[in-house]
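Some notes on the structure that comes next.
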Amino acid sequence: MMDKDDFGPITRNRRRATITSAKSETVKLRNGAIAAASDLRRGPKARESLTKNLQLNEDSTRKCDRYDKMSCHKLQESMLSSASSFKNYRGILNWCVVMLVLSNARLFLENLLRYGILVDPIQVVSLFLKDPYSWPAACLVIVSNVFILVALYTERRLAMGSISEKVGLLIYIFNLTIILCFPMVVVLKLPSITPVGGAFALGVYTILFLKLYSYKDVNRWCRERTQAKARSLSRSLSCNYEIHIYYMYYFVFAPTLCYELNFPRSESIRMGFLLRRLFEMTYFISNVLSVVFQWMVPVIRSSMKPLQEMDYSRMTERLLRLAVPNHLIWLIFFYWFFHSSMNFVAELLRFGDREFYHDWWNSETITYFWQNWNIPVHKWCLRHFYKPLLRRGAGKLLSQSAVFFFSAFFHEYLVSVPLRMFRLWAFMGMMAQLPLAWFVARFLRGNYGNAAVWLSLIIGQPIAVLMYVHDYYVTHCEDDPTIAEAL
């Protein structure tokens with residue numbers, strides 16, 4: 001037998017001979033065709049010779065084309081390889097959706113068989129009202145109009161020159177401070193306000209605080225430019241403004257936190273679009289309530305004993321069980337609020353800027369997620385907090401840390417005050433985003449970074465939920481035998 005290395009020279013010689021013969025045949029055919037073309041004028045024999053040469057040339061071309069069609073190999077990568085240019089994974093996405101639906105359907109059926117139907121309309125109403133004839137949270141929201149009118153009156157006095165800028169600033173500071181403190185005191189001192197009702201009222205006052213702060217800044221910038229006699233200004237800072245109650249309340253109800261003197265407006269209200277958003281709002285909020293009562297409440301109740309006994313293995317199991325419904329509620333709430341509700345309000349007011357979120361689901365860093373999942377808050381922080389700090393000489397790291405601290409304060413404000421206890425779990429969870437953002441940006445890239453972002457959302461929130469529920473039970477319900485027995 002021959003050694004495998006002996007085939008090398010023979011193979012190369014054969015290839016060379018094949019290529020040389022193919023080239024010579026091609027040259028012969030071409031030379032023959034040229035010679036026949038030159039002898040075309042010599043008579044019928046020359047024409048026959050030309051026809052034969054052309055036919056031979058066509059036959060040779062057909063053979064080469066046939067060989068090329070029979071070839072089944074070419075240089076290419078596997079589709080699932082990172083070097084492949086293939087990007088269409090719609091079928092895999094559909095498969096994931098089908099598997100998700102089937103797995104959740106099994107969990108839903110298991111939940112029904114174990115607990116029965118737990119959704120009760122009376123319990124839903126009791127989340128907002130303790131007494132159907134007493135609406136303290138709604139009354140608290142109505143009182144917020146006082147602070148809106150104070151800001152409007154102050155701005156009119158400033159525009160007319162009746163008060164100085166320093167006096168106006170003091171009035172704004174007092175007004176904005178009361179906006180945060182007044183509802184907090186009412187919620188803490190008035191036991192008839194439920195935690196959900198208190199959270200709703202505090203959310204309204206927080207939004208109003210951010211809006212009126214932006215209202216103050218933009219009007220001050222406009223006055224400064226007017227005093228500088230600037231003639232050419234951008235639309236958002238145009239000084240041809242009118243302090244009118246109509247424009248004030250349009251801004252209060254508009255789905256934005258950043259004030260402008262002239263908002264982009266759509267041409268008309270699309271009734272079909274409006275009705276679709278209204279249907280989505282009704283459908284998804286009912287889904288959220290169903291998941292809370294039917295899925296989350298039983299898991300939370302079963303988690304109290306492991307938390308009291310500090311059984312870490314069972315605590316971890318309850319945490320993972322809670323992660324799925326909690327994350328599902330978060331996703332539904334995101335779509336309900338940032339897409340359905342805000343588009344509904346924007347369409348009703350003909351508000352033109354509908355950029356309420358970006359592609360946060362593709363986030364490869366924690367920073368990118370926080371910059372893109374809530375665009376109204378991000379625009380406000382960038383315009384009224386981050387850039388002013390940079391202009392005052394603060395570094396980027398310090399400014400980013402200050403923004404996270406600001407956000408952490410309001411997260412804790414919206415959770416601890418309605419629950420009437422201060423545990424700082426939400427505050428610490430937000431501040432923990434800083435080292436996590438550094439770690440993900442430094443050591444993780446691409447899909448690994450995106451997976452880290454999703455993992456922080458899926459696992460991080462249930463941890464805070466369990467901590468607050470446990471502390472709320474220990475603080476308010478441990479001495480109540482009926483509640484303790486139910487849990």
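Accessible surface of C181, taken over heavy atoms with a 1.4 Å probe and every protein chain present, rounds to 60 Å².
Reported value for segment 95-164: 184 Å³ per residue, from the convex hull of its C-alpha atoms. What segment 285-388 shows is 44 Å² of accessible area per residue, with the surface traced by a 1.4 Å probe over protein heavy atoms. The stretch between R225 and N262 holds 11.7 nm of extra length on full extension. This uses 0.36 nm per residue minus the Cα-Cα distance. Available extension along the chain between C72 and A394 is 109.6 nm, counting 0.36 nm per residue and deducting the alpha carbon span.
Remark on F351: its backbone amide H falls under 5 Å from those of S266, a criterion applied only to residues 5 or more positions apart or on other chains, H modelled at 1.01 Å from N.
When peptides 312-318, 129-135 are ranked by their average number of other Cβ atoms within 10 Å per residue, the highest-first order is 312-318, 129-135. Taking the charge dipole of segment 101-201 about its Cα centre, with +1 at Lys and Arg Cβ atoms and -1 at Asp and Glu Cβ atoms, the residue from I122, V141, V185 reaching farthest to the positive side is V185. Building the convex hull from the alpha-carbon atoms of segment 55-198 and averaging its projection over directions returns 25.5 nm². For a test of the definition: using alpha carbon positions, the gyration tensor, and the 1.5 limit on a/c, classify segment 333-455 as rounded, prolate or oblate. The shape class here is rounded.
Legend: residues H244, H384, sorted from most to least accessible area (1.4 Å probe; ligands, DNA and RNA excluded), read H244, H384.
Ranked by the mean number of other Cβ atoms within 10 Å of their residues, highest first, the peptides 247-253, 320-326 fall in the order 320-326, 247-253.
The values are calculated or read from the model by the stated rules, or taken from the named source; none is laboratory data. The structure presented is a predicted model; accordingly, all values stated were derived computationally and were not measured. Using ideal geometry, Cβ is built from the backbone for each residue, glycine included, and neighbour counts are taken over all protein chains shown. Note: accessible area is taken over every heavy atom of the protein model, side chains too, but ligands, DNA and RNA are not part of it. Shrake-Rupley method; radii C 1.70, N 1.55, O 1.52, S 1.80 Å.
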